[in-house]
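Here is the structure we will look at, set down as structure tokens.
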Amino acid sequence: MSRVAAGLFKKLAEKLAASCWQTLAEESRGQELAEAALVLPIVFMVLIGIFWFGQAFSIYGTLAQAARVGARAAANPSCTTCAAGNTVGQNAYNAIQTTFAAAHLDPTKLNPPTITPALVSCINGAAVPCLGSPTNVCVQDSVQLSNTGSGGAGVCGVSVTFQYPYQFWFPGTSLNKQLIQLPGAAEMRKETH
């Protein structure tokens, strides 16, 4: 295409765009204002929803990390960051508290799971209850992590489970001020060294 043709094409495109905008401006007569009044509250609600669900997802990620760190501390018999004489449950809880402190979450709001995980002992096959301490985190020691019936080796480990409350602020919906319990759970193979 020659320079003259490109220049003519550009001028024609500018004239068409200008006439389209001029026609649109002349014919609207406040229609945009009415449309904006209808659409902006919906857009605002969507943005609020994105923010609050993003917050919940961020906290959920922190809970998953805290559960993994707690299970790792409980599974390792020679925990270098644990105090001497601590129980498996206390080692897990201390590691969870450290992760919560780094994420600026309140560890006093931790709750035990509403339903205790149905895990069996790798020692005698009996159901394993939560350890008594700490009471707001369910730590199950010496649980079977793999099924020996399907040819597995019968790996023994530790399970850490808890919940953390999260409250939505989503006005105009059924989720407003709704309190939900976000779960945190992890299993870790026991170390044998």
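Structure above, values below:
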{"item": "Residue in the range 43-74 that is farthest from the chain's Cα centre (by Cα), counting only those that are within 14 Å of GLN97 (Cβ to Cβ) and of a type in the set (S, T, N, Q)", "result": "GLN65"}
{"item": "Subset of the range 20-37 that is of a type outside the set (D, E, K, R) and modelled with pLDDT of 70 or more - its residue that is surrounded by the fewest Cβ atoms within 10 Å (Cβ to Cβ)", "result": "GLY30"}
{"item": "Flag for ILE123 being among the hydrophobic types (A, V, I, L, M, F, W, C) and within 16 Å of GLN181 (Cβ to Cβ)", "result": "no"}
{"item": "Selection count, the range 112-142, where residues are loosely packed, with under 12 Cβ neighbours inside 10 Å and either acidic (Asp, Glu) or at positive phi (or both)", "result": "1"}
{"item": "Candidates LEU12, LEU8, LEU47, LEU40 - the one that is among the aliphatic types (A, V, I, L, M), modelled with pLDDT of 65 or more and over 26 Å from PRO171 (Cβ atoms)", "result": "LEU12"}
{"item": "Qualifying strands (runs of 3 or more DSSP E) (wholly inside the range 91-193; at least 2 residues being under 19 Å from the mean Cα position of the chain (by Cα), under 12 Å from LEU63 (Cα atoms) and of a type in the set (Ser, Thr, Tyr))", "result": "156-167"}
{"item": "Residue match in the range 55-72 (condition: among the β-branched types (Val, Ile, Thr) and at pLDDT below 90)", "result": "no"}
{"item": "Residue within the range 103-113 that is among the charged types (D, E, K, R), within 21 Å of ARG72 (Cα to Cα) and in contact (Cβ under 8 Å) with a residue 12 or more places away in the chain present", "result": "no"}
{"item": "Single residue of LEU105, LEU110, LEU145, LEU119 found to be more than 30 Å from PRO41 (Cα to Cα), of a type outside the set (D, E, K, R) and in contact with an Asp or Glu (Cβ under 6 Å, 6 or more places away or on another chain)", "result": "LEU145"}
{"item": "Cβ pairs under 8 Å, 6+ apart, first in the range 122-144 and within 16 Å of ALA95 (Cα to Cα) and at pLDDT below 85, second assigned to a loop (DSSP other than H, G, I, E, B) and among the hydroxyl-bearing types (Ser, Thr, Tyr)", "result": "SER133/THR87"}
{"item": "Number of the condition not met by PHE57 [criteria: (1) without any contact (Cβ under 8 Å) to a residue 40 or more places away in the chain; (2) surrounded by 15 or more Cβ atoms within 10 Å (Cβ to Cβ)]", "result": "(2)"}
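The values are calculated or read from the model by the stated rules, or taken from the named source; none is laboratory data. This is a predicted model, so every value here is computed, not measured. Heads up, the Cβs are rebuilt from the backbone with ideal geometry, glycines too, and the neighbour counts pull from every protein chain shown.
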